[in-house]
Amino acid sequence: MGFYDNIIKTLAGAVCAIFRIELVGRENIPEDTERTQVPGFMLCSNHIGNLDPVVIVAAIRIKINWMAKESLFRIPGLAQLIRALGAYPVNRATGDVGAIKRTIAQLKDCRSVGIFPQGHRQPGVDPRTTEVRYGAGMIAFRSGCDVLPVAVETKTRYLRPFKKTVILVGKRIPFAELGLEEGNSESYKRATDLIFDRICTLSETYRSEHA
């Protein structure tokens, strides 16, 4: 068992208990791509708290390399935890070409990555009302990867300890469905909008079924 597996084994149970995690869509979780050396995928999720990557990985229990804002790597404790979970920093203010190239390289090397299309946390609001950035579409085009939509859902849309957190895993979106044949900014926008629509629909469907 590798270092990452030990981290997950040690933390997952505690994280699931603290955040009262419920996993919906277990059947949609792909294989661990690093372990099986199948093509990597891009996990895209809404973003309601700094610990979103931690609760998602605790729920799905496969390795995801997270693109995370660089300020998180200056927080003692959290920095060490997210690095152990495969996170790497991105400077969102500058576009950080290096981080984008790293992401594309990892996807081509059978590594799966996690990205938040909203770009930063949007707690307490309906994700449908928020803006998204279109880097996810561009990265999908340049890597040729499929996309796994995931929604982090809580009653208040805040991530809080000892309050129920639901991780909703949607069906994988094949690259061919993203409409990226042209490879321009307009197609990046359409692809990212499609991805985020699937994420929002996961939350909306769950809320309507549990109203």
Expected single match for crowded, with 18+ Cβ neighbours inside 10 Å, modelled with pLDDT of 95 or more and under 23 Å from VAL54 (Cα atoms) among PHE162, PHE196, PHE141 is PHE196
From the option list LEU159, LEU180, single residue qualifying as among the hydrophobic types (A, V, I, L, M, F, W, C), assigned to a loop (DSSP other than H, G, I, E, B) and within 23 Å of GLU209 (Cα to Cα) is LEU159
Here the residues within the stretch 95-134 that are under 13 Å from the mean Cα position of the chain (by Cα) and either open to solvent by 10 Å² or more (accessible area, probe 1.4 Å) or not polar (S, T, N, Q) (or both) are VAL113, GLY114, ILE115, PHE116, PRO117, GLY119, HIS120, ARG121
- Message: Among the residues in the stretch 101-109, are any in contact with a strand residue (DSSP E or B) (Cβ under 6 Å, 6 or more places away or on another chain) and within 24 Å of THR205 (Cβ to Cβ)?
- Response: no
Margin query: Based on this model, can you work out whether LEU11 counts as under 16 Å from ARG83 (Cβ atoms), more than 17 Å from the chain's Cα centre (by Cα) and in contact (Cβ under 8 Å) with a residue 24 or more places away in the chain?
Written below: yes
Residue pairs qualifying under the 7 Å Cβ cut-off, at least six apart or on distinct chains, with the first in the stretch 179-201 being free of Cβ contacts under 8 Å to residues at least 60 places away in the same chain and the second being of a type in the set (S, T, N, Q), are GLY179/SER187; LEU180/SER187
The helices (runs of 4 or more DSSP H) lying entirely within the stretch 1-71 that contain at least 2 residues which are out of contact with any Asp or Glu (no Cβ under 6 Å at 6 or more places or on another chain) and open to solvent by less than 30 Å² (accessible area, probe 1.4 Å) are 3-18, 52-60
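The values are calculated or read from the model by the stated rules, or taken from the named source; none is laboratory data. Since the structure is predicted, the reported quantities are computational estimates derived from the model, not experimental observations. Glycine gets a Cβ as well: all are built from the backbone with ideal geometry, and neighbour counts include every protein chain shown. The area values use the complete protein model at the heavy-atom level, side chains included, leaving out ligands, DNA and RNA. Shrake-Rupley method; radii C 1.70, N 1.55, O 1.52, S 1.80 Å.
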